[in-house]
Structures are given as structure tokens and as C-alpha cells.
Amino acid sequence: MAQVKFEISAGGVVFRRRNSGAEVAMIGLKGGEVWALPKGLVEKGESLEEAALREVREETGLSAKIVERIDKIDYWFYWKEGDEKVKHHKIVYFYLMEYTGGSTADHDQEVEEVRWFPIDEAIEIASYKTERKVLEKAKEMIQGHAHD
């Protein structure tokens, strides 16, 4: 029986308000062919919220505060480890986060580019269907918080 590794990650939809509406930060990978939300593994002793904020800071260079949890997604994938392919089951918790500071130039090495996109454009360019759904929910939540 092949082993299954279970992973829990956390990440965020970081937004800032502009006159034209909300913008969200997306990370670019694989020469700009993949646009995704910042996320990563929850480390031992970390809460989901702490991991989400840390991963956003590392992958985007941005500081943010959590507004609320958006949703969780889960998926399966195979990853080559040594000579074998290992099946992974991953759950990612996403949080809506309001931008508080920092610069997209300060992202870590795993990420090639970080860009702000109008939220509708972010939904269109997101490479993963599950993350498009997260962005759609985030858009509704941001609109719901318009007068906070």
C-alpha cells in the first residue's frame, strides 16, 4: 500500500482598497505562467492564522491583518521523493487579509514575481480553479466589509 502524506497549509488573499475597487496580491511562478495565492505549510506549534500571516509575508513581502477565514480547499497530488512517487493529501485554509504595509519587492526566492491585480482580473488569471473560488468568495466578503 502506497503511503499518503497529509499536509495542512494556510495562506491568504491580501487586499487593499483603491478608488477603482479592491486589489489583491498574487504570486507569479514558472515564468509568469502560474498565478496563485500565497500559501505554505503550517509549522509545528503554529496556529493556522500565524502560518497564513507568515507565509504571506515570506512569499509576497507584505504585512497584513486577518479579517476572517474565507474557506478551505483540499486536493491530492503526487510528489517524487527519492525513487518513489508519494501521494499527498493537502488542505489549505485561506484567510481574507487587509494589507498593512511592506513591499512586493521583498518576496522570497521561491516566488518569481508578486503583483497587485484588480480582484476581477485576479479571479480570471488565477491558475487553479479552487483558488478562483476562494477569490470569488473573498470579493463578496470585501464588498460586505465596504463600510467597516
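The values are calculated or read from the model by the stated rules, or taken from the named source; none is laboratory data. These numbers come from a predicted model, not from an experiment. Here the Cβ positions follow ideal geometry from the backbone for every residue, glycine too, while neighbour counts run over all protein chains shown. In case anyone asks, the SASA skips ligands and DNA or RNA and just uses the protein heavy atoms, side chains included. Shrake-Rupley method; radii C 1.70, N 1.55, O 1.52, S 1.80 Å.
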Projected onto the charge dipole of the chain (unit charges on the beta-carbon of Lys, Arg, Asp and Glu, signs +1, +1, -1, -1), the Cα from Met26, Gly40, Met141 with the largest positive-side position is that of Met141
Toy charge model, Lys and Arg Cβ at +1, Asp and Glu Cβ at -1: the chain dipole around Cα centroid in debye, rounded to 20, equals 340 debye
With -39,500 (n - 2.57) per DSSP H segment of 4 or more residues and division by the full residue count of the chain, the 222 nm estimate, nearest 500 deg cm²/dmol, is -7500 deg cm²/dmol
Scattering profile of the stretch 1-49 from the Debye formula, Cα beads only, expressed as log10 I(q)/I(0) at q = 0.14 Å⁻¹, is -0.57
Other residues with Cβ under 10 Å from the Cβ of Tyr78 give, with Lys and Arg +1 and Asp and Glu -1, a net charge of +1
Order by accessible surface, 1.4 Å probe, largest leading, for residues Lys44, Lys30, Lys65, Lys137 comes to Lys44, Lys30, Lys65, Lys137
With a 1.4 angstrom probe the carbon and sulfur portion of accessible area for the chain, in percent, totals 47 percent
With the convex hull built on the alpha-carbon atoms of the stretch 21-96, volume per residue in Å³ sits at 140 Å³
With every protein chain kept in place and a 1.4 Å probe, the residues Arg16, Arg132 fall, from largest accessible area down, as Arg132, Arg16
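Counting each pair of different Cα atoms once, what's the Kirkwood radius of the stretch 66-148 in Å, rounded to one decimal?
Across the stretch 66-148, the inverse of the average 1/r is 15.3 Å.
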Contact order relative to length for the chain, counting C-alpha pairs under 8 Å separated by 6 or more residues, stands in percent at 31 percent
Computed over the chain, protein heavy atoms only, probe 1.4 angstrom, the accessible area per residue in square angstrom equals 58 Å²
Plugging the Cβ-Cβ distance of Ser20 and Gln109 into 1/(1 + (r/R0)^6) at R0 = 22 Å yields, to the nearest 0.05, a FRET efficiency of 0.10
Surrounding charge for Val34, neighbours by C-beta under 11 angstrom, Lys/Arg +1, Asp/Glu -1, total -3
Within the chain, excluding any GluC sites (Glu not before Pro) found in a DSSP loop (not H, G, I, E or B) and having at most 16 other Cβ atoms within 10 Å, the longest uninterrupted segment runs 47-109
Net charge (Lys, Arg +1; Asp, Glu -1) of residues whose beta-carbon lies under 15 Å from that of Glu46, Glu46 excluded, is -2
Kirkwood calc, the chain, C-alpha pairs only, radius in angstrom 15.7 Å
Cα extents of the stretch 102-143 per principal axis, largest first, Å, are 30, 21, 13
Counting only protein heavy atoms and leaving out ligands, DNA and RNA, the solvent-accessible surface of Asp108 at a 1.4 Å probe, in Å² to the nearest 10, equals 40 Å²
Sorting Val4, Val114 on solvent-accessible surface, 1.4 Å probe, most exposed first, gives Val4, Val114
